[in-house]
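Encoded as structure tokens, the structure appears first; notes follow it.
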């Protein structure tokens with residue numbers, strides 16, 4: 001894909017529990033923004049397709065799916081959304097949540113996306129995020145996620161494998177946003193960043 005065809009993209013980035021999915025869903029309901037969650041793609045994958053079989057081969061063993069397969073699955077899914085006119089690259093700003101998850105994925109995705117800004121949801125109080133994860137696990141019936149060991153393991157994986165993906169991008173693309181607070185309070189900060197970008201790209 002040539003540079004002119006790359007999707008204009010915002011990345012929602014941050015540790016488990018900071019609210020990436022919550023913010024992404026709300027932003028995606030605003031005209032001119034299209035939210036795409038990698039988790040949703042994995043949940044909807046056709047296990048009978050070639051990529052689906054590879055995905056199942058690894059996931060059924062509890063292993064990480066290779067980066068190139070993950071990106072192929074994502075690109076196949078987002079291309080289908082374009083064909084179905086769910087996502088219109090000519091007028092919608094793509095908001096990605098959950099991908100790239102490694103530096104290698106970030107490198108591979110350079111062929112497909114032009115990252116305009118990275119909204120980095122952060123917290124100086126990990127305990128507040130842990131409490132949020134406990135409440136979410138209880139509310140949504142994610143009993144495994146309610147265990148402290150599981151939550152700390154997810155944070156460890158994020159620090160070791162996902163956070164380094166930020167090193168692939170120039171520092172001036174990063175916009176830190178305090179993730180502690182109500183969803184509306186956080187959303188107000190995020191939209192202050194995103195609205196001018198959309199205006200410059202599609203309405204300027």
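Its DSSP H runs of at least 4 residues, each contributing -39,500 (n - 2.57), put the calculated 222 nm mean residue ellipticity of the chain at -14000 deg cm²/dmol, to the nearest 500.
Working value for region 9-102: equivalent-ellipsoid semi-axes of 24, 17, 10 Å, each the square root of 5 times a Cα gyration tensor eigenvalue, largest first. Extents of the chain, largest first, come to 47, 42, 30 Å (Cα atoms, principal axes, whole angstrom). As a proxy for reagent exposure, ranking 90, 49 by other Cβ atoms within 10 Å from fewest up yields 90, 49. The order of 151, 54, 99, going from fewest to most other C-beta atoms within 10 Å of their C-beta, is 54, 151, 99. Short-range pairs are left out: with C-alpha atoms under 8 Å and at least six residues apart, the relative contact order of region 3-195 is 33 percent.
Read-outs throughout are calculated quantities, based only on the coordinates presented, and are distinct from any laboratory measurement. Note that the structure is a prediction, hence the values are computed from the model and not measured. Don't worry about glycine lacking a Cβ; one is built from the backbone with ideal geometry, like all the others, and counts go over all protein chains shown.
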